[in-house]
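**Q** Before we start, here is the structure in question, set down as structure tokens.
The values are calculated or read from the model by the stated rules, or taken from the named source; none is laboratory data. This one's a predicted model, so the numbers in the text were calculated from it and none came from an experiment. So basically every Cβ, Gly included, is an ideal-geometry build from the backbone, and we count neighbours across all protein chains shown.
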Amino acid sequence: MQREVIDGVPVLWSAAPGPLEAALVFGHGASDETFRTIGVTHLVEHLAMSTLPRLHHEHNASVSLTVTDFSVSGTDEQVVDFLAAVCKALAALPVDRIEREAGVLAAEASGVIDPVTAELLSARYGTVGAGLASWGGPGPDRIAVEAVRETVARSFHAGNAVLLLTGPPPPALRLPLPPGERPERGGAQPVMSPGPHWVVANVPGPGLALHADLDGAALTAAHAVLQERLRQVLRHREGLSYDVDGARVHTGGGLGEFTVVVDARAGQQRRVAEILWREALRLAAEGMTEAELAEEVAGFREVWLDPRALPAELGQAGACLLSNIPYQDATARLDALAAVDPDGARQAFAAALRTALLVVPEDVEVELAQPDGAPLTEGGCAHPRGGELPSGGRHFKPPMFARLRFPQARTARLVLTDDAVWSRDGRGDVHHLPFADVVGVEVNGPGRVLFGRGNCATPVVPELFAGIGEAVAAIDAGVPKELHYELSAFAESDEDEGEAAPAPVSKASRR
Ligand SMILES: [Zn+2]
């Protein structure tokens, strides 16, 4: 891998056959946003791309959890022109197009990562950083132009970029970006839920996340063995799943999540979740054979040494550079894997399993045990289950008509104290949301919906609670103005969905 610097931007390149591929990568992704500014990075990307003329060669732009990249492949001249145009656009972003591009984002409605992994991240980290992945936030039309300007000024400059190329830089290549300092990104993100827990979310199938050092070779090997065993059992033996997928998701400072995501045939989600957990326990207890381990190491060797993996390898090196973490090349990673023995892999997996989060679809309840036989408890914003509302404070009940018609409304309560709102939902669970933990307040006429950093969403709306004027006034006074926003014009109306019981929501993923 060759290194040079062009216009203040580090360039990593390695020669590969085929047309020149380039990716201009910035060290800013969706996990650098806040709840209030969810989507601002995607909006910056769209505004920049909206300035380009129609192009017939391959080009794209995307936002991941940790980086934003603008990529192109074609002739030297096409690559040079594309990169110059992107840099110029970022240096003078057409913010007058913000309204139109917000509409485009609403239509695109894409998540930054698959929905199961997104929910696992939210369960682990709360409504902050990587944990924002499952949340839609205020909506693209509620992103302030100041947030767009601030994001570009902070992160989209030469000091926070790297250019990746699959060939030597063309002599005419220029990267006319403004200079800047790489922003402090805070290292490892604090964990909200250390696990082990199972959690319920709006997901199509179960998933598992283990929190660990992502460069650990022993756990990397065990993670691969687990996926292969699940493929054998869930797909080939039982015919319950089509796809078993694993990933390593960086959340800062070299740490992150080893994930396994499995889909499930309709009606089989509970069974698939149980098998996923059972196989994880079995791997932690009994380990693996030499042959299973060797098979996975051979698989990594084939994939990582394939010449077609070069763009991905450059991408890893670039991401490490932008996050100030050391990059290990494929050979070094394979050497580390070759030194792993089955018991080392088993021990690494057993240690990581203590951090397990198992997500299951709504309406699925599981009864599972930890390796020591203790029950695996349910996590989530209202847990441990069975909390009590404070006896003091001001109590609000659902309107009389709701209490008569909906059984859930009979238990629902809202309590306002000096520095928090408490609520009991239709399930009987108590949620405590201090004003200091609020990350967003949706203003919807006379009502408010509060979103807290621990994935807690508390509706304070007249449809659910009677006489809320005093609570709304306290919320407006207790939570900073800049966290308030009007309900998005793109928010889906519930009007066509028939008569639903008004139960407070505990988790409202709005993607
Ligand atoms: Zn809650």
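**Q** Restricting the first residue to segment 263-282 and requiring it to be touching a residue at least 12 places away in the same chain (Cβ under 8 Å) and within 25 Å of residue 347 (Cβ to Cβ), which pairs with a second residue that is part of a helix (DSSP H, G or I) and of a type in the set (Lys, Arg) meet a Cβ separation below 7 Å and a spacing of at least six or different chains?
**A** Short answer, once both residue conditions are applied: 279/229.
**Q** If I filter segment 320-333 for residues that are over 30 Å from residue 166 (Cα atoms), of a type in the set (Phe, Trp, Tyr) and away from the ligand (no atom under 16 Å from the Cβ), do I get at least one hit?
**A** no
**Q** Could I ask something else about it? Of the conditions (1) assigned by TED's automatic domain parsing to the domain that holds residue 451; (2) over 26 Å from residue 449 (Cβ atoms), residue 415 clears all except one; give me its number.
**A** So residue 415 meets the others, but not (2).
**Q** Would you mind finding the one in 159, 129 that is modelled with pLDDT of 95 or more and at positive phi?
**A** Result of the check over 159, 129: 129.
**Q** Could I ask something else about it? Can you tell me which residue in segment 359-381 is nearest to residue 195 (Cα to Cα), limited to those that are touching a helix residue (DSSP H, G or I) at 6+ places or on another chain (Cβ under 6 Å) and buried (at least 22 other Cβ atoms within 10 Å of the Cβ)?
**A** 359
**Q** Answer yes or no as to whether residue 297 is β-branched (Val, Ile, Thr) and touching a residue at least 40 places away in the same chain (Cβ under 8 Å).
**A** Here the answer is yes, as residue 297 does meet what is asked.
**Q** Starting from segment 4-24, keep only residues that are free of Cβ contacts under 8 Å to residues at least 12 places away in the same chain, then list their pairs with residues that are assigned to a strand (DSSP E or B) whose Cβ atoms are within a distance under 8 Å, requiring at least 6 positions of separation or different chains.
**A** Every condition considered, the pairs that remain are 5/11.
**Q** Turning to a different aspect of this structure: Hand me the list of strands (runs of 3 or more DSSP E) wholly inside segment 391-464 holding 1 or more residues that are touching a residue at least 40 places away in the same chain (Cβ under 8 Å) and away from the ligand (no atom under 15 Å from the Cβ).
**A** Counting at least 1 such residues, we get 394-396, 413-416, 438-444.
**Q** Inside segment 367-395, can you point out the residues that are modelled with pLDDT under 95 and among the hydrophobic types (A, V, I, L, M, F, W, C)?
**A** Those that are modelled with pLDDT under 95 and among the hydrophobic types (A, V, I, L, M, F, W, C): 381, 382, 389.
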